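Worksheet: one structure, shown below.
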Amino acid sequence: MLPLLTALLLFTASPDIGTPKNGVIHLTAEEAAEVLKANPDITVLDVRTRGEYRAGHIEGATQINYFAPGFRERLEKLEKSNAYLVHCKTGGRSSRAVRILKDLGPETIYHLDGGIVAWRKAGLPTVTESKEATE
């Protein structure tokens, strides 16, 4: 419930943040950085491969490889009450991942439009260490 309230407060305070579409809030890289700064409890899901993740990722991100066997099962284990920001390299895999995640029930799902490429293009930081890649 808290992530939903935070999202509502963000939209009330800044109506230009994000574009809701089919239950998913689509964000530019700059908007995503704002949302993460305002709510550090959001879980960043990086659905790229292990190699892509290790080459650089958003600090604190959890990597779950979209192409790995058991991808959906890993998403099913995620806490439903958390808010999630999902991204990949450019948005293709993460667009499909948010559709799956939406069906599984989390209240608040953000999608980083343009993926890590857009994040880097905006000059936002990435790290090469943090949580270990899972697949």
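Just so it is clear, none of the values below were taken in a lab; they were calculated from the coordinates. None of these values were measured; they are calculated from a predicted model. Neighbour counts run over all protein chains shown; Cβ positions are idealised from the backbone, glycine included.
Of the peptides 62-69, 84-91, the ranking by mean beta-carbon count within 10 Å, highest at the top, reads 84-91, 62-69. For the pair the range 100-130 / the range 58-73, the C-alpha centres are spaced 12 Å from each other. Across the range 57-74, rounded Karplus estimates of 3J(HN,Hα) from the backbone phi angles (6.51 cos²θ - 1.76 cosθ + 1.60, θ = phi - 60°) give 8, 5, 4, x, 5, 9, 9, 9, 5, 4, 8, 6, x, x, 4, 4, 4, 5 Hz, Gly and Pro being marked x.
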